[in-house]
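The values are calculated or read from the model by the stated rules, or taken from the named source; none is laboratory data. Computed from a prediction, not measured in an experiment: that's the story for all the values here. Don't worry about glycine lacking a Cβ; one is built from the backbone with ideal geometry, like all the others, and counts go over all protein chains shown.
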Amino acid sequence: MSQDIFDEKLIYHCSGFEINGSGGAETYLTSLINHQLPGVSDRVLKSLQNVDQSQFKLVHIHSPDLLLGITGKCPVVFTVHNHSTYCPSGTKYLAGQGVVCERNFSYLGCTWGKVVDGCGSRRPQRAVKEFLHSQQVLNILNNLKITVVANSNYVREQLIKNGVSSEKIITLRCGTSVPPIGTKPLSLEIHQNHRILFVGRIVPDKGLEWLLKTLVHTNPRIHLDIAGEGWDKLRLEKLASSLGLNNRITWHGWCEADKLNTLYQQCFAVIFPSVWPEPAGLVTLEAYARYRPVIASAVGGIPEHLRDRETGILVPANDIKKLADAITELDTDYQKSRQIGEQGHAFLMKELTMDVHVKHLQEIYEKIIYDFSI
């Protein structure tokens, strides 16, 4: 890579994530790049190998593996978007037991997790590679001058538990872009269509199985729209059929932005039933941007983005009765559904838009660049 590409003193993002807005960290990073911060390159670097990093004003890393290329010749920010920094399997969730993993990273504990609890891959070579990677990343965070940005206090606490100094960590909640096309508060007409929406990858951790089993215990007029794809889709389609739900569900697959916006607009509530500890949960913010109340599981960083009974309803993970009660409550009370949706939108506009996020991020950049120079 020729060094003249970096002849300007700019801030560069460095990430293995694709810039296509397809969900989670990719959606966040896409929004961040599209926001065009002053002094920040619109080019996202995929690697730092063989690059003179002294040319950078600052490098902002979004993927833990890219920390291995840091030379210490420029200020560095590392945003922790998921659990892979301190969890070799990347989930902090023991799917076989259906519980959140409470262990900190260690070779003994994580080996037990893989062999006994069935956590992630149990192939020896892959497991060893994952262990070494987590250890390397944690060592780098402890030994180099890097500012760590956690996207929730839950993630911050996990980093501290795994040995990262609290003085290095800043919590900065993700922001989201408000849709460019007009969105409206929930209308009575839409509420009476009795549609709810699930948005996300169709994998066990996202809790769609729990939602399908819950749907049976709600009014038959409630229809579930599912926007997403994933390797567990075939099994869950069979489950839905066995539960007699075929005429109450529409599987939309992966949806482009316009289609997804339409689905948000035609529902009276968004269901976010993750059973693993979501680091933050951008679906919540996307629902707020469209004036829709959120019913979500109280796991990970979700409770930090959802104010119970104000911007949505929190329920214990895998609790069918409480999830059914929450769906029924909003389905039968238009005024409450509309009010919660409006309060969610107000919360977003005050604290969780990309404009607000970028303002705080710029302040972080300025401080780190100043501290590096003295």
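Being in contact (Cβ under 8 Å) with a residue 12 or more places away in the chain and among the charged types (D, E, K, R) is true for just one of Lys238, Lys233. Which residue is that?
Unique residue meeting the criteria: Lys233.
Checking His81 against (1) more than 17 Å from Gln362 (Cβ to Cβ); (2) in contact with a Cys (Cβ under 7 Å, 6 or more places away or on another chain); (3) touching a residue at least 60 places away in the same chain (Cβ under 8 Å), which test does it fail?
(2)
A quick yes/no check of all residues on (1) farther than 30 Å from Leu29 by Cβ; (2) in a loop (DSSP other than H, G, I, E, B):
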position: Val178; (1), (2): no, yes
position: Gly182; (1), (2): no, yes
position: Phe198; (1), (2): no, no
position: Arg201; (1), (2): no, yes
position: Thr214; (1), (2): yes, no
position: Glu237; (1), (2): yes, no
position: Ala240; (1), (2): yes, no
position: Lys259; (1), (2): no, no
position: Leu263; (1), (2): no, no
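Can you go through Thr85, Thr30, Thr79 and tell me which one is of a type outside the set (Phe, Trp, Tyr), touching a Pro at 6+ places or on another chain (Cβ under 9 Å) and either in the same structural domain as Leu144 (by TED's automatic domain parsing) or on the phi < 0 side of the Ramachandran plot (or both)?
Only one candidate qualifies: Thr85.
Does Leu323 satisfy the criteria of being in a helix (DSSP H, G or I) and modelled with pLDDT of 95 or more?
yes
Can you tell me which residues in the stretch 292-313 are in contact with a Leu (Cβ under 6 Å, 6 or more places away or on another chain), surrounded by fewer than 23 Cβ atoms within 10 Å (Cβ to Cβ) and touching a residue at least 12 places away in the same chain (Cβ under 8 Å)?
Of everything in the stretch 292-313, just one residue is in contact with a Leu (Cβ under 6 Å, 6 or more places away or on another chain), surrounded by fewer than 23 Cβ atoms within 10 Å (Cβ to Cβ) and touching a residue at least 12 places away in the same chain (Cβ under 8 Å), namely Ala298.
Tell me the residue from Leu234, Leu243, Leu211 that is within 19 Å of Ile327 (Cα to Cα), surrounded by fewer than 20 Cβ atoms within 10 Å (Cβ to Cβ), of a type in the set (A, V, I, L, M, F, W, C) and assigned by TED's automatic domain parsing to the domain that holds Phe268, please.
Details: Leu234 fails: within 19 Å of Ile327 (Cα to Cα); Leu211 fails: surrounded by fewer than 20 Cβ atoms within 10 Å (Cβ to Cβ).
Answer to the check: Leu243.
Of these, Leu32, Leu68, Leu58, Leu108, which one is surrounded by fewer than 16 Cβ atoms within 10 Å (Cβ to Cβ), of a type in the set (A, V, I, L, M, F, W, C) and touching a residue at least 40 places away in the same chain (Cβ under 8 Å)?
Just one listed residue meets the conditions, Leu68.
Being of a type in the set (Val, Ile, Thr) and not in a helix (DSSP H, G or I) is the filter; apply it to the stretch 265-289 and report the residue that is surrounded by the most Cβ atoms within 10 Å (Cβ to Cβ).
The qualifying residue surrounded by the most Cβ atoms within 10 Å (Cβ to Cβ) is Ile271.
Within the set of pairs 6+ apart or on separate chains, which have a first residue in the stretch 261-288 that is closer than 13 Å to His191 by Cα, a second that is polar (S, T, N, Q) and not in a strand (DSSP E or B), and C-beta atoms under 6 Å apart?
Phe268/Ser337
Yes or no: Lys206 within 18 Å of Asn318 (Cα to Cα) and surrounded by fewer than 18 Cβ atoms within 10 Å (Cβ to Cβ)? Let's see the steps before the verdict.
Values: within 18 Å of Asn318 (Cα to Cα): yes; surrounded by fewer than 18 Cβ atoms within 10 Å (Cβ to Cβ): no.
Criteria not met by Lys206.
Could you tell me whether any residue of the stretch 230-244 is touching a helix residue (DSSP H, G or I) at 6+ places or on another chain (Cβ under 8 Å), basic (Lys, Arg), at pLDDT 95 or above and under 23 Å from Val299 (Cβ atoms)?
Among the residues of the stretch 230-244, not one is touching a helix residue (DSSP H, G or I) at 6+ places or on another chain (Cβ under 8 Å), basic (Lys, Arg), at pLDDT 95 or above and under 23 Å from Val299 (Cβ atoms), which makes the answer no.
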